[in-house]
């Protein structure tokens, strides 16, 4: 299963007790996000380190680990989907994520209720993804 990960979910990667971390490392899932999401993480770096109680060294290690688990896609690869995304997205901040979802024809992993409350593309909350993975593991056994 492939998923586009929104920035707020990416930020949870840095929380040590985050349930979402289970999903990040699951081999059944391929994760991607717009490349600019890395800039958003960088913008919130000090706040993240403080709230997650991470040293700069540990934060950088985790950021590298995240970059190995999530494919960050350059704008050039999904630019042709931006106009359609702009016309169907309730929040302008989500346009790039929706464009990636359209490009790869896959759901967006987000806990944003406003984003999920539309009929143009699929949005899965963390809880749904964990339930899907649990069912998939049962099928694998």
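The values are calculated or read from the model by the stated rules, or taken from the named source; none is laboratory data. From a predicted model like this one, the values you see are computed outputs, not experimental measurements. Cβ sites come from the backbone with ideal geometry, for glycine too, and all protein chains shown count toward neighbours.
When residue 49 is tested against (1) closer than 28 Å to residue 121 by Cβ; (2) surrounded by 14 or more Cβ atoms within 10 Å (Cβ to Cβ), just one condition goes unmet, and that condition is (1). Any residue that is assigned to a helix (DSSP H, G or I), more than 12 Å from the chain's Cα centre (by Cα), modelled with pLDDT of 95 or more and farther than 26 Å from residue 14 by Cβ - is there at least one of those in region 68-76? Yes, region 68-76 has at least one match. Filtered by the rule that a residue be in contact (Cβ under 8 Å) with a residue 60 or more places away in the chain and either in a loop (DSSP other than H, G, I, E, B) or within 16 Å of residue 124 (Cα to Cα) (or both), region 77-97 gives 94, 97. Just a yes or no: is a residue in region 103-116 in a helix (DSSP H, G or I), touching a strand residue (DSSP E or B) at 6+ places or on another chain (Cβ under 6 Å), free of Cβ contacts under 8 Å to residues at least 24 places away in the same chain and under 30 Å from residue 137 (Cβ atoms)? Yes: region 103-116 contains one or more residues that are in a helix (DSSP H, G or I), touching a strand residue (DSSP E or B) at 6+ places or on another chain (Cβ under 6 Å), free of Cβ contacts under 8 Å to residues at least 24 places away in the same chain and under 30 Å from residue 137 (Cβ atoms). Which one is farthest from residue 133 (Cα to Cα) among residues in region 21-38 that are surrounded by 19 or more Cβ atoms within 10 Å (Cβ to Cβ) and in contact (Cβ under 8 Å) with a residue 60 or more places away in the chain? Among them, the one singled out is 34.
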